4 protein chains.
Amino acid sequence: MTRLKMGMVGGGIGSFIGDVHRKAASIDGMIDLVCGAFSSSEEKSIASAEALGIPKNRAYGSFEQMIKAEAQLPEAERMDFVAIVTPNHMHFPPAKMALEQGFHVICDKPVTLTLDEAIALEKIVRSTGKVFALTHNYTGYPMVKQAKAMIAKGDLGTIRKINVQYLQGWLATSLEKTGQKQAAWRVDPKKSGIGGALGDIGTHAENLAEYITGLRIEELAADVTAFGEGRILDDDGNVLLRFENGAKGTMTFSQIATGEENNLGIRIYGTKGSVAWYQENPNELVVRWLDKPKQIFTPGGNGGYPEASEYTRIPAGHPEGYLEAFATIYRSFAKEVNQIKAGKSPSTSADFPTIKDGVRGMKFIYAAVESSKNNATWIKI
Amino acid sequence: MTRLKMGMVGGGIGSFIGDVHRKAASIDGMIDLVCGAFSSSEEKSIASAEALGIPKNRAYGSFEQMIKAEAQLPEAERMDFVAIVTPNHMHFPPAKMALEQGFHVICDKPVTLTLDEAIALEKIVRSTGKVFALTHNYTGYPMVKQAKAMIAKGDLGTIRKINVQYLQGWLATSLEKTGQKQAAWRVDPKKSGIGGALGDIGTHAENLAEYITGLRIEELAADVTAFGEGRILDDDGNVLLRFENGAKGTMTFSQIATGEENNLGIRIYGTKGSVAWYQENPNELVVRWLDKPKQIFTPGGNGGYPEASEYTRIPAGHPEGYLEAFATIYRSFAKEVNQIKAGKSPSTSADFPTIKDGVRGMKFIYAAVESSKNNATWIKI
Amino acid sequence: MTRLKMGMVGGGIGSFIGDVHRKAASIDGMIDLVCGAFSSSEEKSIASAEALGIPKNRAYGSFEQMIKAEAQLPEAERMDFVAIVTPNHMHFPPAKMALEQGFHVICDKPVTLTLDEAIALEKIVRSTGKVFALTHNYTGYPMVKQAKAMIAKGDLGTIRKINVQYLQGWLATSLEKTGQKQAAWRVDPKKSGIGGALGDIGTHAENLAEYITGLRIEELAADVTAFGEGRILDDDGNVLLRFENGAKGTMTFSQIATGEENNLGIRIYGTKGSVAWYQENPNELVVRWLDKPKQIFTPGGNGGYPEASEYTRIPAGHPEGYLEAFATIYRSFAKEVNQIKAGKSPSTSADFPTIKDGVRGMKFIYAAVESSKNNATWIKI
Amino acid sequence: MTRLKMGMVGGGIGSFIGDVHRKAASIDGMIDLVCGAFSSSEEKSIASAEALGIPKNRAYGSFEQMIKAEAQLPEAERMDFVAIVTPNHMHFPPAKMALEQGFHVICDKPVTLTLDEAIALEKIVRSTGKVFALTHNYTGYPMVKQAKAMIAKGDLGTIRKINVQYLQGWLATSLEKTGQKQAAWRVDPKKSGIGGALGDIGTHAENLAEYITGLRIEELAADVTAFGEGRILDDDGNVLLRFENGAKGTMTFSQIATGEENNLGIRIYGTKGSVAWYQENPNELVVRWLDKPKQIFTPGGNGGYPEASEYTRIPAGHPEGYLEAFATIYRSFAKEVNQIKAGKSPSTSADFPTIKDGVRGMKFIYAAVESSKNNATWIKI
């Protein structure tokens, strides 16, 4: 195995999500961080590089510099792909440039600032033939894979009802007014786009529901609200869902759900059985049946499908967490990049979220905002 | 203490809810079952009486017979109140007659077949001055009382978000076609009214949310569905909620949620804290705070309010269940009846669901049905 | 059905366990409380009777008076059985007299003050042929019955390991010095016997383990301690267990386990599977298998055995609690008494704890005390 | 930061614990794997190196070769420390040689095959002044740190009772007879030492109890058993514990507890409060109080101590798992190594398990085996 070389855009020391990406990329021993435009200040970028044990000359003051400079390095040395971990408004420009300069890209979500950018990016991905992964990291959990496999095999019968939730409380107060950086950009439409909590966590909920069930949300009726004083963007929302196959459901998301930490969860009911999964206790999948006792599946545990156990790194009872699920996206992305590097054709069904998921997420945001502006009228996605 | 004497309408041997009412009425030793029109067949009614250890001559073939005959017995002997445990269409007639003949009434929910009946009944209750209780039994759980008290005292701050659910799976198949009696009348509009799951369990969810928060649902947008083959009445629904104070929320209810047993639950988020309660594990109230660790309150446990511990019969750690919560409605009703019997004025705020809750429940059903017919448009309750 | 008539010894108003017995006896509508020696003061006994709605002339100042007086009443009026709910030292005398005067007896645990008394009582029960039940109430939970049935049918294979615990924290401080009555008699050897927590809750743990597994503890090594300042009797203990079939295990019990409410629990491991049950969440039985996913059984839920569902009063998802489990002992006792009254022979295997369980519990206490005095040497029971 | 260079002994591709060590070492970006004697066959060692992306010339056929060869490389290139991930009998020889040749060592547990080896190793560590860490990885969980901090600060008062358990079921059948390598060496005294489950998991339980409470087990009475057919070493055990301060407790451990995955757990009761923690749900610490409601602490959540949050990598609600806890040992070890490399003195209290914990674990094994041979007589550790 040759390890892949990663360049990072954003994620200076102290950044939450940059650190997550670095740890996730490193767990499986397939990727080395070799360079970065960690900050828009070259000085700060160098400081980050030093703290990370990266040579000074591979720290850049902008993504443009980085992409240009790396493109001119010998192949054995230059980065293989770019990880984009900046706020939303800084996703499209580096992604576009990196792809066009021949680098693969892995990017945080939501994919872009606007739907137009997402559509444009989709074309660029297609035309360049580079690998593009979107870190809807929650799809990396083994028990999410187990649920998906059970539904795909028909174990639960026809899906009829889906309740998905993503509840946080960290914006219950006006945190953005205290100078907290994570909060500040998320409530700013210039950096976040037209969705607040909608884009930040609602898209995760949307992606999770569609990923597990394999069903698309056909239309939605959304009632989103900005509870926080002076906020322009939503920090809470409740949504009715109708799926393509006739299934119905609800989504509720919030960043003002006081006391909640990171409570993403989903329940899916079919004609033969149902599943329930909660991210804060991710190593349990609760399966209820029409006529058998309730079961609890665990990663690597009895009765799990290969589709799930393939993503389990350690034996049953040894809990894996958020970083491992995130790492699974990186691992699948790295496998695909290696395949392309080895001159093989792209996988027909890549096992990680792609630009298509990104476009879909943006459409979800736009539909929900439009619905909500029209007093929760139904809008097709 | 003089024990109260109860007459029952419906609830012949083998009936689910009749048996529940009898057990609930007996737990606190304040009530004796003395007579009943347990069935519309006199023969069956007598058989039930015998099985229950009640003298044959107090078994009646109809509620009319019972009310008439009992009214003529000497006061020391005749029943004090009537418990109505029949399907919905048989609530109004016996309730009306009993009240008008001077008997107090405790009645199962939803209060009547139609909204008009409910409004008519409200007038009768008011004009007769008799005590009328509605068995929204879930309000009897100590941890529900604890949540209500915490909100009333302002512990959670201003309420902003409410998610309530009531999930069952027992109608996931066409049980009504097998001759199962419980299922048969519930899917029949002539016996159930215009709401299916909506009336049967949706009203419990509505009542619980309003009871705990003290806030009224101002308007709703409902998407209800009859998934079961050939069903006329809904067996599933998803609802957006807006409360009078600006709080928003969701309700989801279902009787086709495969594998769910009786999963009533509620989460309420305020500016300072939030609570979560689930009926299947009723002796825990999870309280999350803005800046303190999550707490678990238990009946009779540390830190509970008197408003809750008053309803706890046994020390902390000794679980109470559904029957005890149901018994609490009976106990509070019995106290009120005793107070009236002792010549005192009615309580200004009776501690049990009343005809007002009944009317409110019917309005909820009607609003949800109307909304759903209009593609989930907003309807004021 | 003719309802049975109960007389009570002890259990005056305000008593914890007397009230539990009364509620438990009433739930299933098979028993009426008709008389009582509720207190050793006639005045207080009458006050209790009045509060309970019992005629004054059926309130007695002593159990001797009660038994004598009731024995002379006409059969249709006199009590059928005596419920003994006094502290331990007052179990034997009323039990002996009641049995010898022709009354059936249901008695709280541990059965007597001393082992000698227990052995004497066993002879009396045998010679009088009366029904004697001991309220090891935890055996009444449906999920305990389910576990017992699974083991009896061999579902778990050969049992190899048993861990049982009973943890309370209510004596973590010197509560007995505050005048709290429940605490006061429990720490007094004259009223409790030679075991403190050992007798009060250790016997429940011992009984539960033997009841579910059908295996006897052959020998034990106990390390019991009186942590509370000035206490003579143990308030905590840890015990190694060896069962007759070669299974091994531990018991830990405590009344100084700070913060614990009533945490009785048991885990039993066989060669094919294992079960875990906890009294504070009694409506779940966790079953783990060698090669299948973990299952959760619930009362009345999918896959439960008739041996369990027979003891479930309400549909799955409607939690039953401590009082219902206690009521199950009363119900089984009442059925047996009715059978004897109907002139039939006693059941060969009565479905409630008997004097044999009582003797066994006393032997357990004596063995544990002896072991502990000898630095936890092994003692055969 | 300069990244440390790790050499590995054992842990060829396919090995469970080798892979764990590699992932754990990589998460925090402080360590690079540069060489290894992954297997006793040079060929296999090279194959592993290739699969891991390590240059062929840094793959060795024995630890002796590796240590010798690396010692001769220039400082900038040669490994800084050795990670020993072999079965127990292969801990002492490479540890000794590495330390004596100037390398720091991190080693899996139990520390050696015999107590004598452990004592010898302690002397070597002391005389060489090198850093030695033992991977009692469970002490790396943030909630374990929180519990330790709460006890150290006196929040729980005086500790009186400790129940610790480590339950697995993977040896419930004769897995070692199927050729499963993990099972085979663990049941072989030549490779495992005198303890079976005792050494493999009992030492974790012992270490965890002493680590959190800061109290030493003074004496124990152990009843260990080999249930598996033909097994020489124990696969199950039950132990009475007495701690230096008068606290008492139990330990139960098993590898034949059918259906258990990796159920390490501990409950600690003090005079003011108590804690409970379970490894399979590691992101919750349950804290019970004398007079306040039960609390649930979470990593990075409200109310946690800095002593815990320092070990939390991601925000509250983003679960960390086994690998992260393991990584914490590596991180603390790496910090200490860096400190020594920078010419500073060793930390007075290193924040990772050391050779002292290793010796203590061996003494525990020897005491338990001796006690058990003498029918569970008390043995001082």
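The values are calculated or read from the model by the stated rules, or taken from the named source; none is laboratory data. As the structure is a prediction and not an experimental result, all values here were calculated from the model. Glycine gets a Cβ as well: all are built from the backbone with ideal geometry, and neighbour counts include every protein chain shown.
In the condition set (1) within 25 Å of B:Thr328 (Cβ to Cβ); (2) in a helix (DSSP H, G or I); (3) more than 18 Å from the chain's Cα centre (by Cα), B:Ala209 is compliant with all but (3). Screening C:Lys68 against (1) within 14 Å of chain B (Cβ to nearest Cβ); (2) more than 15 Å from B:Gly29 (Cα to Cα) leaves a single unmet condition, (1).
Results for (1) modelled with pLDDT of 95 or more; (2) buried (at least 24 other Cβ atoms within 10 Å of the Cβ); (3) away from every other protein chain (no Cβ under 11 Å); (4) more than 21 Å from the chain's Cα centre (by Cα), shown as yes or no for each residue.
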position	(1), (2), (3), (4)
A:Met6	yes, yes, yes, no
A:Val9	yes, yes, yes, no
A:Ser15	no, no, yes, no
A:His21	yes, yes, yes, no
A:Ala24	yes, yes, no, no
A:Ile27	yes, yes, no, no
A:Leu33	yes, no, no, no
A:Ser41	no, no, yes, yes
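Would it be correct to say that C:Ala118 is of a type in the set (Gly, Ala, Ser) and assigned to a helix (DSSP H, G or I)? It is true that C:Ala118 is of a type in the set (Gly, Ala, Ser) and assigned to a helix (DSSP H, G or I). Tell me whether segment C:288-295 contains one or more residues that are surrounded by fewer than 20 Cβ atoms within 10 Å (Cβ to Cβ), of a type in the set (A, V, I, L, M, F, W, C) and either in a loop (DSSP other than H, G, I, E, B) or not assigned by TED's automatic domain parsing to the domain that holds C:Ala183 (or both). Yes: segment C:288-295 contains one or more residues that are surrounded by fewer than 20 Cβ atoms within 10 Å (Cβ to Cβ), of a type in the set (A, V, I, L, M, F, W, C) and either in a loop (DSSP other than H, G, I, E, B) or not assigned by TED's automatic domain parsing to the domain that holds C:Ala183 (or both).
Counting only residues that are closer than 18 Å to A:Lys153 by Cα, more than 10 Å from chain B (Cβ to nearest Cβ) and of a type in the set (Gly, Ala, Ser), segment A:267-310 holds 4 of them.
Inspect segment C:178-199 for any residue being closer than 27 Å to C:Lys272 by Cα and in contact (Cβ under 8 Å) with a residue 40 or more places away in the chain and give the result as yes or no. No, segment C:178-199 contains no residue that is closer than 27 Å to C:Lys272 by Cα and in contact (Cβ under 8 Å) with a residue 40 or more places away in the chain.
For D:Lys130, only one of the following conditions fails: (1) under 16 Å from the mean Cα position of the chain (by Cα); (2) away from chain C (no Cβ under 13 Å). What is its number? That leaves (1) as the condition not met. The single condition among (1) within 14 Å of chain B (Cβ to nearest Cβ); (2) buried (at least 24 other Cβ atoms within 10 Å of the Cβ) that A:Gly196 does not meet is (1). Criterion first (part of a loop (DSSP other than H, G, I, E, B) and more than 19 Å from B:Phe253 (Cβ to Cβ)) does B:Leu113 satisfy it? Yes. Within segment B:112-136, the set of residues being in contact with a Pro (Cβ under 9 Å, 6 or more places away or on another chain) and under 23 Å from B:Leu33 (Cβ atoms) comprises B:Val131, B:Ala133, B:Leu134, B:Thr135, B:His136. Considering A:Phe326, A:Phe364, A:Phe297, A:Phe333, the condition of being in contact (Cβ under 8 Å) with a residue 24 or more places away in the chain and over 30 Å from D:His21 (Cβ atoms) is satisfied by A:Phe364 alone. Condition test on C:Tyr141, is it among the hydroxyl-bearing types (Ser, Thr, Tyr), closer than 30 Å to D:Lys272 by Cβ, under 20 Å from the mean Cα position of the chain (by Cα) and at pLDDT 95 or above? The answer is no for C:Tyr141. Taking segment A:243-269, which residues are without any contact (Cβ under 8 Å) to a residue 40 or more places away in the chain and basic (Lys, Arg)? Listed by number, the list is empty, since nothing qualifies. Tell me yes or no: at least one residue of segment C:156-163 is in contact with a Lys or Arg (Cβ under 7 Å, 6 or more places away or on another chain), more than 25 Å from C:Ala222 (Cβ to Cβ) and in contact (Cβ under 8 Å) with a residue 40 or more places away in the chain. Yes - at least one qualifying residue is present in segment C:156-163. Here is the figure for segment C:123-142: residues that are part of a helix (DSSP H, G or I) and crowded, with 18+ Cβ neighbours inside 10 Å total 8. Kindly establish whether C:Asp80 is in contact with a strand residue (DSSP E or B) (Cβ under 8 Å, 6 or more places away or on another chain), at pLDDT 95 or above, of a type outside the set (A, V, I, L, M) and in the same structural domain as C:Gly195 (by TED's automatic domain parsing). So C:Asp80 fails the test. The single condition among (1) more than 14 Å from chain B (Cβ to nearest Cβ); (2) assigned to a loop (DSSP other than H, G, I, E, B) that A:Glu260 does not satisfy is (1).
The single condition among (1) more than 13 Å from chain C (Cβ to nearest Cβ); (2) surrounded by fewer than 16 Cβ atoms within 10 Å (Cβ to Cβ) that B:Ala51 does not satisfy is (1).
From the list C:Gly214, C:Gly195, the lone residue that is at pLDDT 95 or above, on the phi > 0 side of the Ramachandran plot and assigned by TED's automatic domain parsing to the domain that holds C:Asn374 is C:Gly214.
Taken over segment C:143-168, the criterion of being surrounded by fewer than 24 Cβ atoms within 10 Å (Cβ to Cβ), assigned to a helix (DSSP H, G or I) and of a type outside the set (A, V, I, L, M, F, W, C) is satisfied by C:Lys148 alone. Could you check, for segment B:322-343, whether at least one of its residues is assigned to a loop (DSSP other than H, G, I, E, B), within 14 Å of chain A (Cβ to nearest Cβ) and either touching a helix residue (DSSP H, G or I) at 6+ places or on another chain (Cβ under 6 Å) or hydrophobic (A, V, I, L, M, F, W, C) (or both)? For segment B:322-343, residues assigned to a loop (DSSP other than H, G, I, E, B), within 14 Å of chain A (Cβ to nearest Cβ) and either touching a helix residue (DSSP H, G or I) at 6+ places or on another chain (Cβ under 6 Å) or hydrophobic (A, V, I, L, M, F, W, C) (or both): absent. Screening A:Ile106 on (1) surrounded by fewer than 20 Cβ atoms within 10 Å (Cβ to Cβ); (2) out of contact with any Pro (no Cβ under 9 Å at 6 or more places or on another chain); (3) aliphatic (A, V, I, L, M) shows it passes everything except condition (1). Close Cβ contacts (under 7 Å, 6 or more residues apart or on different chains) running from residues in segment A:82-103 that are among the polar types (S, T, N, Q) to residues that are surrounded by fewer than 18 Cβ atoms within 10 Å (Cβ to Cβ) and modelled with pLDDT of 95 or more comprise A:Asn88/A:Lys191; A:Gln101/A:Ala71.
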